[in-house]
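Below you'll find the structure, written out as structure tokens, and then a few comments.
Computed from the coordinates by the stated procedures, all read-outs in this text should not be read as laboratory data. Note that the structure is predicted; figures quoted are calculated from it, not measured. Quick reminder, even Gly has a Cβ in these numbers, built from the backbone with ideal geometry, and neighbours come from all protein chains shown.
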Amino acid sequence: MITLRFYSKKGIITGVLLWGTVALLIGSFLFLPGGPEGKGEIITAVLVCGLTSSFIMWLWFGTYYEINGNQLQVVGGPFRWKIDIMTMKSIRKTRNPLSSPALSLNRLEIHHGKWGTVMISPKNEEEFCETLRKINSKIDFNIN
């Protein structure tokens, strides 16, 4: 069985928000007057900045979508979802800004199961959708 991996498209707006947060955290720690004083405050500040920055980098570099057999695995950093492709009902384009495992606002909204929905942003949408269509021809695609 072949596993196909599709990495997330990375949008400018999402990049500015995520990397801007990292810059703000590090900048506030390093450059604001009256910053952390004392060993405990410095350690806490380093931990908060370091852990938050690491989490954001994990999301940025570790968001992808894998098709393996009849299963789509959606990975957004530490978060993982498994979706049975045979339960997918429809896929449509959206720019919905709600939190999702997508690094671009140009997204695909997948409806699956009874009420399941996930928004993703594969770099190569056409190849991604064509692969899903080969597995489940009953999916309603509205991606034009």
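Extending 7 Å from the Cα toward the beta-carbon at both residue 7 and residue 70 defines two label points whose distance is 3.2 nm. A convex hull fitted around the alpha carbon atoms of the stretch 1-134 yields 121 Å³ per residue. Based on alpha carbons, the Rg and Dmax found for the stretch 12-60 are 11.9, 38 Å.
With angles folded into 0 to 90 degrees, how steeply does helix 38-61 sit against the dominant principal axis of the chain? Use alpha carbons for both and round to 10. Helix 38-61 sits at roughly 20 degrees to that axis. Computed from the Cβ-Cβ distance with R0 of 30 Å, the FRET efficiency linking residue 29 to residue 95 stands at 0.35.
Remark on the stretch 45-86: Rg and Dmax equal 13.9, 47 Å (Cα only). Against the chain, whose longest principal axis comes from its Cα atoms, helix 12-31 is set at around 20 degrees. What angle do you read, to the nearest 10 degrees and between 0 and 90, between the alpha-carbon axis of helix 125-135 and the longest principal axis of the chain? Taking the Cα atoms of the chain, the angle to 125-135 is about 50 degrees.
Could you give the dipole magnitude of the chain about its Cα centre, charging the beta-carbon of Lys and Arg +1 and that of Asp and Glu -1, in debye to the nearest 20?
With Lys and Arg at +1 and Asp and Glu at -1, about 420 debye.
Calculated mean residue ellipticity at 222 nm for the chain: -13000 deg cm²/dmol, from DSSP H runs with n ≥ 4 weighted as -39500 (n - 2.57), summed, divided by the residue count and rounded to 500.
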